[in-house]
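Data block below; observations after.
Derivation of every value follows stated rules applied to the coordinates shown; laboratory data play no part. Keep in mind that this is a model prediction, so the values were computed, not measured. Cβ atoms come from the backbone with ideal geometry, glycine included; neighbour counts cover every protein chain shown.
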Amino acid sequence: MAKVALKDVSRYYGNTSAIADISLTIEDGQFCVLVGRSGCGKSTLLRTIAGLEAVSQGSIYINDRRVNDLPARNRDVAMVFQNYALYPHFTVAENLGFGLKMRKTDKKTINQQVKTIAQSLGIAHLLQRKPKQLSGGQQQRVALGRAIIRQPQAFLLDEPLSNLDTQLREETRAELKRLHQELKITTIYVTHDQVEAMTLAEKLVVLDEGKIQQIGSPEEVYNNP
Ligand code: ADP
Ligand code: ADP
């Protein structure tokens, strides 16, 4: 787990700034939600923290360590996108355990952790299936499990539920909330869904044209438009 901080971060594309002078601290274990209309810079902000996008100015800190020059693979953050991107030829169990296997974790530990995370996410009965034998909601649970199984310092989610139908979205949202309460991994979550923002956010950040427009608890933000 980790504190994530941005200090005066900007990212330009040519003359336009996708994000401009963003300063923001997400406390250890906090669930932070980023909202704002399409194009306001949510994905860019998330991608700079993940190291998938370089910053043009400013600093990003993970646990007070400046990580601007640290490649994505060394930042120890996990990111989940709206398309699940599972390995199609692997079973659910193999998908879940992949990151641990890459880190040369021993088989017994992998099996145990796969089982534990699958139980937390309600997919323990699906471990031997392939992704295409799963519903969208089940696939996204596998993607969440795969990202979180190695207990990253921070968990970054870019509209992870937006491809799901209403009922699955609600179920998976509740699942995510429970998982966060259980694991307390520092989480930054992008959505344009107000219900998701209200239910999940401990800290809510409203972006507008690349800048922070409002920041606070969901109650503070939605009661002071
Ligand atoms: P959001 O996730 O809130 O929809 P983005 O972070 O994707 O917003 O985009 C913020 C702004 O930056 C938009 O105006 C978008 O067009 C621009 N942008 C994002 N990525 C690029 C890129 N690779 N090249 C040029 N402009 C980009
Ligand atoms: P989202 O809907 O998730 O915000 P977008 O459709 O805005 O995603 O962007 C998808 C990808 O295209 C991102 O990697 C983003 O950086 C890139 N992108 C967005 N806008 C532009 C742009 N104007 N020029 C080039 N790439 C862009």
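Inspect the stretch 94-106 for any residue being polar (S, T, N, Q) and in contact with a strand residue (DSSP E or B) (Cβ under 7 Å, 6 or more places away or on another chain) and give the result as yes or no.
no
So, in the stretch 52-99, of the ones that are of a type in the set (D, E) and either buried (at least 20 other Cβ atoms within 10 Å of the Cβ) or in contact (Cβ under 8 Å) with a residue 12 or more places away in the chain (or both), which residue ends up nearest to L156 (Cα to Cα)?
Among those that are of a type in the set (D, E) and either buried (at least 20 other Cβ atoms within 10 Å of the Cβ) or in contact (Cβ under 8 Å) with a residue 12 or more places away in the chain (or both), it is D76.
Whether any residue in the stretch 2-20 is more than 16 Å from ligand 2 (Cβ to nearest atom), among the basic types (K, R) and assigned to a strand (DSSP E or B) is what I want to check.
Yes - at least one qualifying residue is present in the stretch 2-20.
Give the residues of the stretch 34-51 that are within 6 Å of ligand 1 (Cβ to nearest atom) and either aliphatic (A, V, I, L, M) or within 16 Å of F155 (Cβ to Cβ) (or both), sorted by residue number.
Matches in the stretch 34-51: K42, S43.
What's the number of the only condition in (1) within 16 Å of ligand 1 (Cβ to nearest atom); (2) over 27 Å from V67 (Cα atoms); (3) touching a strand residue (DSSP E or B) at 6+ places or on another chain (Cβ under 8 Å) that I188 fails to meet?
I188 satisfies every listed condition except (2).
Given (1) closer than 30 Å to A20 by Cβ; (2) assigned to a loop (DSSP other than H, G, I, E, B), identify the lone condition not met by G122.
(1)
Would you please name the residue that is nearest to ligand 2 (Cβ to nearest atom), looking only at residues in the stretch 24-47 that are among the polar types (S, T, N, Q), touching a residue at least 24 places away in the same chain (Cβ under 8 Å) and touching a strand residue (DSSP E or B) at 6+ places or on another chain (Cβ under 7 Å)?
The first filter runs over the stretch 24-47 and keeps only residues among the polar types (S, T, N, Q), leaving 25, 30, 38, 43-44.
Now narrow it down to the ones that are touching a residue at least 24 places away in the same chain (Cβ under 8 Å): 30, 38, 43-44.
Now drop any that are not touching a strand residue (DSSP E or B) at 6+ places or on another chain (Cβ under 7 Å), which leaves 30, 43-44.
Working: Q30: 23, S43: 4, T44: 7 Å.
Residue satisfying both the conditions and the ranking: S43.
Kindly indicate which of R129, R146 is farther than 18 Å from Q30 by Cβ, in a loop (DSSP other than H, G, I, E, B) and touching a helix residue (DSSP H, G or I) at 6+ places or on another chain (Cβ under 6 Å).
Working: R146 fails: in a loop (DSSP other than H, G, I, E, B).
Of the residues listed, the single one that is farther than 18 Å from Q30 by Cβ, in a loop (DSSP other than H, G, I, E, B) and touching a helix residue (DSSP H, G or I) at 6+ places or on another chain (Cβ under 6 Å) is R129.
So which residues in the stretch 63-93 are polar (S, T, N, Q) and assigned to a loop (DSSP other than H, G, I, E, B)?
Result: N63, N68, Q82, N83, T91.
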